[in-house]
Structures are given as C-alpha cells and as structure tokens.
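All remarks here apply to the structure that follows.
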Amino acid sequence: MTLLNEYENSFHITKADLEILLILLNPIAPHITEEINELQKFDKPICQKPWPIYDESKTINEEYELVIQVNGKVRGREMVSSNISEDEMKDIALTNESVSRYLEGNKIIKIITVPNKLVNIVVK
C-alpha cells in the first residue's frame with residue numbers, strides 16, 4: 001500500500017516501477033498482471049521473473065515512539081532516536097512533563113526498560 005501511495009504522489013512512474021508493481025501483485029491477481037505485462041511489451045512473463053530484492057537498511061526506523069508508563073499505565077509518549085541507551089531512556093522518562101506529575105510525592109521503587117519500546121516506572 002505504501003508503494004501504491006508513493007506512485008500516486010509522484011508525477012512520473014517509470015516502466016521499471018510498473019514492472020515491480022506487477023511482479024508484487026502477480027500472486028494476488030495473476031491474470032490481470034500478466035495481461036498488463038503483455039500490453040506493456042515487457043521481455044518475459046511475470047512468472048519467469050525474479051522476485052524484487054529489497055534494501056534492508058531502508059527498513060530500519062531511525063526513530064520510534066517511546067511509551068512511558070507509571071505503575072503499568074501509559075502516562076506519556078516521546079519520539080526518540082532508535083540508538084539511545086537504557087540510561088537515556090530512563091532520563092527521558094523521568095524528565096517528561098506529563099509523567100512528572102505522577103512522580104511527585106511518590107517514591108520510585110523500580111524502573112523497568114524494554115529496549116526500543118517502553119519505560120515503566122514503579123512508584124509507591
């Protein structure tokens with residue numbers, strides 16, 4: 001779906017882009033994709049073409065949404081870099097404005113971190 005949205009937003013779609021779309025759609029709609037392939041005069045049938053190769057480095061997110069919980073309840077969210085350490089995650093969680101009001105007057109017993117996901121602050 002993301003690929004189709006990119007094609008709709010671009011002003012020009014190359015023949016190679018159309019060929020990739022047809023190859024990806026072929027398992028779902030084989031007859032129509034083979035017909036379009038033939039109408040576009042591509043060199044061979046789609047069933048004989050290799051599956052497109054992807055670049056794994058483009059699948060890695062540079063940022064993620066850090067969920068901050070107090071006693072298991074979500075109290076804040078923050079967009080952070082995907083390469084921060086656990087200590088940095090804890091610092092961000094403790095300095096978050098929406099979380100700080102739940103920490104006032106309470107004693108922090110434990111801080112649990114799940115890398116690239118969440119920080120849970122247990123208070124009493």
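FYI, it's all coordinate maths here, none of it is from the lab. Computed from a predicted model, the values in this text were never measured in an experiment. So basically every Cβ, Gly included, is an ideal-geometry build from the backbone, and we count neighbours across all protein chains shown.
For region 55-91, the set of residues classified as of a type in the set (V, I, T), farther than 13 Å from I112 by Cα and either part of a strand (DSSP E or B) or in contact (Cβ under 8 Å) with a residue 24 or more places away in the chain (or both) consists of V74, V80, listed by residue number.
Exactly one residue out of K44, K49 is basic (K, R) and exposed (fewer than 10 other Cβ atoms within 10 Å of the Cβ): that is K44. For region 92-121, a residue qualifies if it is β-branched (V, I, T) and either closer than 11 Å to L66 by Cβ or assigned to a helix (DSSP H, G or I) (or both), and the qualifying residues are I92, T95, V99, T113, V114, V119.
Pairs meeting the criteria (first residue in region 96-111 and of a type in the set (S, T, N, Q), second residue exposed (fewer than 12 other Cβ atoms within 10 Å of the Cβ), beta carbons under 8 Å, at least 6 apart or on different chains) are N106/K124. Condition check: over 30 Å from L103 (Cβ atoms), surrounded by 12 or more Cβ atoms within 10 Å (Cβ to Cβ) and over 20 Å from the mean Cα position of the chain (by Cα). Does L39 satisfy that? Taking the combined requirement at face value, the residue does not satisfy it.
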